[in-house]
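Structure, as structure tokens:
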Amino acid sequence: MKKVYLLLLLIITVTNMQAQKNILNLIVGTYTNSCSSRGIYVYEFNTKKAQIRLKKSSDSIVSPSYVSLSKDGKFMYAVNESGNTSAVSALRFDQESGKPSLINQVDSKGADPCYLINDDNNVIVANYSGGNIAVFGKNADGSLTEAKQVVQHYGKGTNPDRQEKAHVHMVYFSPDKKYVLSNDLGTDKVYVYNYNPTGTSDVLTLKDSVSVTPGSGPRHLKFSKNGKYVYVLQELDGSLTSFSYKDGKLTKAFETSILAKDFNGKFSSADIQISPNGKFLYASNRGEANNISVFKIKSKGKLELRGQTPTLGKGPRSFVIDPTGKFLLVGHQYTNNIVIFKINKSKGTLTDSGKSFDLCSPVCLIFSEPSVAKK
């Protein structure tokens, strides 16, 4: 009888461990100025069944339109996008309950921050309307210091409505963390900065920059899985550019478009992601397009368009692929919902899972790594 009991206990333990492996934290940042939102929401996501369960939300904070999780999963960092009163927040994150709790806020040092990254030493912020990059140090308790450095961009582009001045739209670490890349939509440039993580003032120093097509407006970028290529998505003309990459140097290799050949409506390119297996690239498009373009990643930076899939909502500003590569979740800023798609891993194609859930203005979706989500 004792052996039977021990066997049953072992089966239950193994079953629970397997179930836990399928559970991730889905963290969603929202705008709070267009509908009722508390800011950051944390969901439990089952990667086997695509089931969603709300865990907790932040106490009310202003428009955390982009969120970044610390490497150990204990802290969140979020922009608070609110014009000239914008800020950056540090939050403690209880992985088990899903509760984000504010530690402190600091001035973003530029209007409308829209992206941020972090490592053990710093939080680096892209201020869109401010046209600059701000670097903040981290204290031992996860809180933010005042800005260590502000790097101001200057110049303008050929589009008088959108490129009247610099508009920094993204900051992104190189795979080896030696450099920080920055897309400037306003000046049609991708900047590469040397990164000194322990610096007290000169954390970022300019190494190089590369220009894209005038009027194209670089928005988001991603590195290939092997780190040899960088894919840059342009918001204003729908172009998608591949650059070969080596030691902080970008060299143009290939260019295509995320637009269908017969599309004549309004569009606004948004987010870009690569499948976990490194075989496919996905790019979202807003305006009247409201779709995701799927590309097969070929050799030498080339991309082969496999088609577009409607996202079943309006304003697909952000989307995320779960670490297993089974599902793609799209946040719709204007229809206030998140739609879940199944991914065909061999073909890269997307099909509607039939599952979606409502949330006010979701504009940033990230998963915690499996090792972080588990207790």
> Right, Asp119: in contact with a Lys or Arg (Cβ under 8 Å, 6 or more places away or on another chain) and over 22 Å from Ser60 (Cβ atoms) or not?
Replying inline: yes
> Exactly one of (1) in a loop (DSSP other than H, G, I, E, B); (2) in contact (Cβ under 8 Å) with a residue 12 or more places away in the chain; (3) surrounded by fewer than 17 Cβ atoms within 10 Å (Cβ to Cβ) is unmet by Asn264. Its number?
Replying inline: (2)
> Any chance segment 337-356 includes a residue that's on the phi > 0 side of the Ramachandran plot, of a type in the set (A, V, I, L, M), out of contact with any Lys or Arg (no Cβ under 9 Å at 6 or more places or on another chain) and modelled with pLDDT of 95 or more?
Replying inline: no
> Scanning for something assigned to a strand (DSSP E or B), within 30 Å of Phe93 (Cβ to Cβ) and out of contact with any Asp or Glu (no Cβ under 6 Å at 6 or more places or on another chain), does segment 297-318 turn up at least one residue?
Replying inline: yes
> Out of Leu303, Leu329, Leu312, which single residue is within 20 Å of Leu236 (Cβ to Cβ), of a type outside the set (D, E, K, R) and at pLDDT 95 or above?
Replying inline: Leu303
>> Anything in segment 29-40 that is surrounded by fewer than 23 Cβ atoms within 10 Å (Cβ to Cβ) and either within 18 Å of the chain's Cα centre (by Cα) or assigned to a strand (DSSP E or B) (or both)? List them, or say none.
In response: Tyr31
> So, of the residues in segment 192-233 that are of a type in the set (D, E, K, R), over 30 Å from Glu146 (Cβ atoms) and in a loop (DSSP other than H, G, I, E, B), which turns out to be nearest to the chain's Cα centre (by Cα)?
Replying inline: Lys225
> Does segment 45-66 hold any residues that are surrounded by 16 or more Cβ atoms within 10 Å (Cβ to Cβ), among the hydroxyl-bearing types (Ser, Thr, Tyr) and either modelled with pLDDT under 95 or in contact with a Gly (Cβ under 8 Å, 6 or more places away or on another chain) (or both), and which are they?
Replying inline: Ser57, Ser58, Ser63, Ser65, Tyr66
>> Here are the criteria: (1) of a type in the set (Val, Ile, Thr); (2) touching a residue at least 60 places away in the same chain (Cβ under 8 Å); (3) touching a Ser or Thr at 6+ places or on another chain (Cβ under 6 Å). Tell me which single one Ile103 does not satisfy.
In response: (2)
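The values are calculated or read from the model by the stated rules, or taken from the named source; none is laboratory data. Every value quoted in this text rests on a predicted model; they were computed, and no experiment measured them. Backbone-built Cβ (ideal geometry, glycine too); neighbour counts: all protein chains shown.
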